[in-house]
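Data first, discussion second: the structure below is written as structure tokens.
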Amino acid sequence: MTNKEFREMGHLFVDWMADYLENVAEYPVKAQVKPREIFNQFEDNMPTNGEDMNVIFKDFQEKILKGVTHWQSPNFYAYFPANSSYASVLAEMLTATLGAQGMLWETAPAATELEEKVMEWLKNAMNLPKNWHGVIQDTASSATLCALLSAREKYTNFAINNTGFEGFTDFRVYASSQTHSSIEKGVKIAGFGKENLVYIPVKENFSIDENALINAIEKDLKAGKKPLCVVATVGTTSSTAIDNIRKIGEICQKYGIWYHVDAAYAGSVAILPEFSFMFDGLELADSYVFNPHKWLMVNFDCSAYFVKDKGTLIRTFEILPEYLKTATDSLASGADAVVVNNYRDWGIPLGRRFRALKLWFVLRNYGLNGLQTKIRNDINLAKWLENEISQNTDFELLAPVNLNLVCFRYLGNNNLDKKLSEEALNEINAKILQNLNKEGKIYLTHTKLNGKYTLRMVLGQTNLTHAHVTQAWELIKTESRK
Ligand SMILES: *Cc1c(COP(=O)(O)O)cnc(C)c1O
């Protein structure tokens, strides 16, 4: 492709992108394809000769798009959103064009220093502890793994990094029964064994039972095990339950346990001062993660990871031998030494994308006010829906609506049906979900809370309005009655 062709196609693509985002609500939100339908469309081998971009683009529209679930549709209420925004997409185009690698300060000074700056911006806007250091990771899963590895190395004085697990067994990690699956994955990868992830029961509001946590720790200590890390959650995946950050932090302090807080989804709400109570005690945490790539309009991937002690993080991951360190860490020695960050040593991969750019674009283009307005609107929409459901005797809420996730189920027509069994209700609600998603007008997912099949509706998509939610609620009622 020539530069001239690139320019022409670029214009064409941007027009297509703007059209797509303008009309994204018209597509069936969940891809309506069967397994292998996309795969089987294509030749067994790659083309021998290069193909014209117009032909490739046509295939994208005809053969790929039908297999896409439209996460940027305002009719997307499933999982948690992976929001994008105009500012973020524009920045990604520049990031791809620069194709810079941010592994060292030397390889990408702007990527490194902008990352430092935007992490400070987030820290200040969200009132996070001043002494924390931030780094962008690809996902919360990676950030949590970094936390577990840091905890392991700190406790063993970096012995496992050096000589392996010999002499160290029985590490225990604690999290609530509602914790995200990435904790189990991290525990497995870190070498603790998933049987050493202790699931602590939750209270009625699905937050961790602190007394049960203390009992579990005491029991393990008596058995000669090593309580290593507690993971608390602000906004669990099933129901956005909020663990008591301060109480758990105090327990961790008492027993000398690493304290990791997973706020992957709900962390974005920290930009609203009226929700600061959810983060009370956060200064007790050793590490903290939240995903701007979920609710903060920065397209995937962009996960903000903060640590109290960056020395432990770097020592856990650094790959340069000691005798080479000053050459890259310090541009000058003595009193005017300038310390630079080499983010290669702050996480797992060596190569790093210039992710700070899209975060910077979004924070500037929305401004704090813009982001606050967006998040508040979503929470108000959820309040509206919560109210509708609580006043409708054919439905019931199954968890507190702490933020913008509404967990509910259909109970059957209150006037006609006799009381349905739990089993029947589970079946009926699974059927409702299946039919709604098949129709393609909205997309919801489910969870199970206390054994009850629960419809989850997250009101957070970038372009969501009250009209969309009203329409979706009408649809749910109609489908349920059917
Ligand atoms: C989404 C989510 C994760 C995982 O996030 P990734 O960035 O996809 O790894 C972890 N914990 C919670 C609470 C989440 O909501």
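The values are calculated or read from the model by the stated rules, or taken from the named source; none is laboratory data. No experiment lies behind these values; they were computed from the predicted model shown. Because the Cβ atoms are built from the backbone with ideal geometry, glycine has one as well, and the counts that use them run over all protein chains shown.
List of remarks:
- Residue in the stretch 254-265 that is within 16 Å of the ligand (Cβ to nearest atom), buried (at least 24 other Cβ atoms within 10 Å of the Cβ), at pLDDT 95 or above and over 19 Å from V173 (Cα atoms) present: yes
- Subset of the stretch 65-103 [surrounded by 14 or more Cβ atoms within 10 Å (Cβ to Cβ), among the β-branched types (V, I, T) and either over 22 Å from the mean Cα position of the chain (by Cα) or over 21 Å from N463 (Cα atoms) (or both)]: T95
- Checking each residue in the stretch 447-482 for being buried (at least 18 other Cβ atoms within 10 Å of the Cβ) and part of a loop (DSSP other than H, G, I, E, B) picks out L459, G460, Q461, T462, L464.
- Near pairs, Cβ below 8 angstrom, 6+ apart or cross-chain, from the stretch 447-467 (free of Cβ contacts under 8 Å to residues at least 40 places away in the same chain and more than 19 Å from S181 (Cα to Cα)) to any residue that is acidic (D, E) and in a loop (DSSP other than H, G, I, E, B): none
- Qualifying residues in the stretch 384-399 (those that are without any contact (Cβ under 8 Å) to a residue 12 or more places away in the chain and of a type in the set (S, T, N, Q)) - the one farthest from S480 (Cα to Cα): N387
Listed here are the residues, each with its yes/no results for (1) within 20 Å of S238 (Cβ to Cβ); (2) of a type in the set (D, E, K, R).
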{"residue": "F408", "(1), (2)": "yes, no"}
{"residue": "E423", "(1), (2)": "no, yes"}
{"residue": "K431", "(1), (2)": "no, yes"}
{"residue": "Q434", "(1), (2)": "yes, no"}
{"residue": "L444", "(1), (2)": "yes, no"}
{"residue": "K452", "(1), (2)": "yes, yes"}
{"residue": "V458", "(1), (2)": "yes, no"}
{"residue": "T462", "(1), (2)": "no, no"}
{"residue": "V469", "(1), (2)": "no, no"}
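- Flag for F171 being touching a residue at least 12 places away in the same chain (Cβ under 8 Å) and surrounded by fewer than 15 Cβ atoms within 10 Å (Cβ to Cβ): no
- Any hit, the stretch 49-68, residues being within 21 Å of M297 (Cβ to Cβ), in a loop (DSSP other than H, G, I, E, B) and free of Cβ contacts under 8 Å to residues at least 60 places away in the same chain: yes
- Conditions (1) surrounded by 15 or more Cβ atoms within 10 Å (Cβ to Cβ); (2) in contact (Cβ under 8 Å) with a residue 40 or more places away in the chain; (3) farther than 21 Å from M278 by Cα; number of the one not met by E106: (1)
- Restricting the stretch 142-160 to residues that are in contact (Cβ under 8 Å) with a residue 24 or more places away in the chain, assigned to a helix (DSSP H, G or I) and more than 16 Å from the ligand (Cβ to nearest atom), the residue that is nearest to A304 (Cα to Cα): S150
- Considering residues of the stretch 226-250 that are touching a helix residue (DSSP H, G or I) at 6+ places or on another chain (Cβ under 6 Å) and more than 16 Å from the ligand (Cβ to nearest atom) only, the residue nearest to V401 (Cα to Cα): K247
- Hits in the stretch 274-307 (condition: among the aliphatic types (A, V, I, L, M) and more than 10 Å from the ligand (Cβ to nearest atom)): M278, L282, L284, A285, L296, M297, V298, A304, V307
- Filtering S84, S73 for residues that are away from the ligand (no atom under 16 Å from the Cβ), farther than 20 Å from G347 by Cβ, among the small types (G, A, S) and not in a helix (DSSP H, G or I) leaves a single hit, S73.
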